[in-house]
Amino acid sequence: MDISKITPSMPYILEGLGITLKIVSLAIILGLVLGVVLALCKISRYKVLAYIADFYTSIFRGTPLILQLMIIYFGAPQLFDYKIEGDVAAILAFGLNSSAYVSEIFRAGIQAVDKGQKEAAMALGIPYRKMMWNIILPQALKNILPALMNEFITLTKESAVVTAIGVTDIMRRAYIVGADTFNYMEALLFAGFIYYVLVMLLTLVGKLLERRLRSND
């Protein structure tokens with residue numbers, strides 16, 4: 001192994017970091033927002049909403065992520081006669097997939113909050129929306145933050161599958177450099193190092209948030 005053989009190509013691989021961060025960050029936002037909505041549907045008194053949310057979750061948890069990505073990227077043009085860009089397909093696939101897991105995390109967190117909190121809010125006449133937003137969800141977030149950060153870390157690593165549809169992220173660029181220089185190991189290890197740094201930064205952010213929430217108790 002000789003890392004110096006891919007040194008001139010390192011900036012090219014690093015350029016994929018921007019694409020990876022764009023896909024992951026937008027997918028996290030989509031997954032978080034949709035996940036909260038699904039979680040509220042699952043605990044809703046309206047059974048139809050709960051059934052729809054459960055069915056949605058079963059679809060995205062019961063099929064491979066790469067299959068979902070390819071259905072959106074290759075299937076959408078066939079259905080809607082519209083070519084979707086690779087990065088947009090990745091954001092949709094990752095966001096929709098992540099929302100299924102996030103919804104279960106939030107559902108468990110909400111149900112773990114002491115029922116007395118909800119009963120006290122209802123006794124005071126606090127509207128349901130305000131109760132959920134100002135009382136229940138903040139308490140649930142403290143309990144589920146580690147699981148939530150773990151989901152975001154998993155999403156960051158799984159984003160490498162976008163190479164299957166030709167998006168030039170970190171992994172795709174590392175593969176291209178390996179093919180051009182015949183030094184796959186060095187290029188792939190460098191890509192692995194970038195992902196490792198990203199995961200460590202996310203882990204640090206998660207710990208800081210946990211400490212901050214704990215200090216506000």
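The values are calculated or read from the model by the stated rules, or taken from the named source; none is laboratory data. Just so you know, these numbers come straight off a predicted model, no measurement behind them. Cβ: placed from backbone, ideal geometry, glycine included. Neighbour counts: every protein chain shown.
Taking the numbered list (1) surrounded by fewer than 15 Cβ atoms within 10 Å (Cβ to Cβ); (2) over 21 Å from Leu40 (Cα atoms); (3) at pLDDT below 90; (4) of a type in the set (Gly, Ala, Ser) in turn, Gly206 passes all entries but (1). Within the option set Leu30, Leu49, Leu17, being within 17 Å of Ala100 (Cβ to Cβ), at pLDDT below 95 and in a helix (DSSP H, G or I) holds for one residue only, Leu49.
Residue check: is Arg107 buried (at least 19 other Cβ atoms within 10 Å of the Cβ), closer than 30 Å to Arg211 by Cα and of a type outside the set (A, V, I, L, M, F, W, C)? Give the derivation first.
On the way: buried (at least 19 other Cβ atoms within 10 Å of the Cβ): yes; closer than 30 Å to Arg211 by Cα: yes; of a type outside the set (A, V, I, L, M, F, W, C): yes.
The answer is yes for Arg107.
Among the residues of the range 163-182 satisfying the criterion of being part of a loop (DSSP other than H, G, I, E, B) and not β-branched (Val, Ile, Thr), which is farthest from Arg214 (Cα to Cα)? Don't jump to the end; show me each part of the working.
Pass one, the range 163-182, residues part of a loop (DSSP other than H, G, I, E, B): 166-169, 182.
Subset that is not β-branched (Val, Ile, Thr): 166, 169, 182.
Details: Gly166: 43, Asp169: 36, Phe182: 50 Å.
This residue is Phe182.
The range 83-133 holds helices (runs of 4 or more DSSP H) entirely within its bounds, and those carrying 3 or more residues that are aliphatic (A, V, I, L, M) and touching a residue at least 12 places away in the same chain (Cβ under 8 Å) map to 86-112. One residue alone among Ala53, Ala76 is surrounded by 17 or more Cβ atoms within 10 Å (Cβ to Cβ) and either hydrophobic (A, V, I, L, M, F, W, C) or in contact with a Phe, Trp or Tyr (Cβ under 9 Å, 6 or more places away or on another chain) (or both), and that residue is Ala53.
In a helix (DSSP H, G or I), under 20 Å from the mean Cα position of the chain (by Cα) and within 30 Å of Lys142 (Cα to Cα): is that true of Ala160 in this structure? Yes.
Please determine whether any residue of the range 189-196 is of a type outside the set (Ser, Thr, Tyr), touching a Phe, Trp or Tyr at 6+ places or on another chain (Cβ under 9 Å) and more than 28 Å from Asn97 (Cα to Cα). No, the conditions are met nowhere in the range 189-196. All of (1) in contact with a helix residue (DSSP H, G or I) (Cβ under 7 Å, 6 or more places away or on another chain); (2) part of a helix (DSSP H, G or I) hold for Val197 with one exception: (1). Across the range 16-57, which residue is farthest from Met132 (Cα to Cα) among those that are touching a residue at least 12 places away in the same chain (Cβ under 8 Å) and hydroxyl-bearing (Ser, Thr, Tyr)? Among those that are touching a residue at least 12 places away in the same chain (Cβ under 8 Å) and hydroxyl-bearing (Ser, Thr, Tyr), it is Thr20. Out of everything in the range 134-145 that is of a type in the set (A, V, I, L, M, F, W, C) and without any contact (Cβ under 8 Å) to a residue 40 or more places away in the chain, what residue ends up being nearest to Leu202 (Cα to Cα)? Applying the filter and picking the extreme gives Ile144.
With respect to (1) under 30 Å from Ile194 (Cα atoms); (2) of a type outside the set (D, E, K, R); (3) modelled with pLDDT under 90, the lone exception for Ala89 is condition (3). Just so you know, in the range 172-188 the residues that are in contact (Cβ under 8 Å) with a residue 60 or more places away in the chain and surrounded by fewer than 14 Cβ atoms within 10 Å (Cβ to Cβ) include one that is farthest from the chain's Cα centre (by Cα), and it is Asp180.
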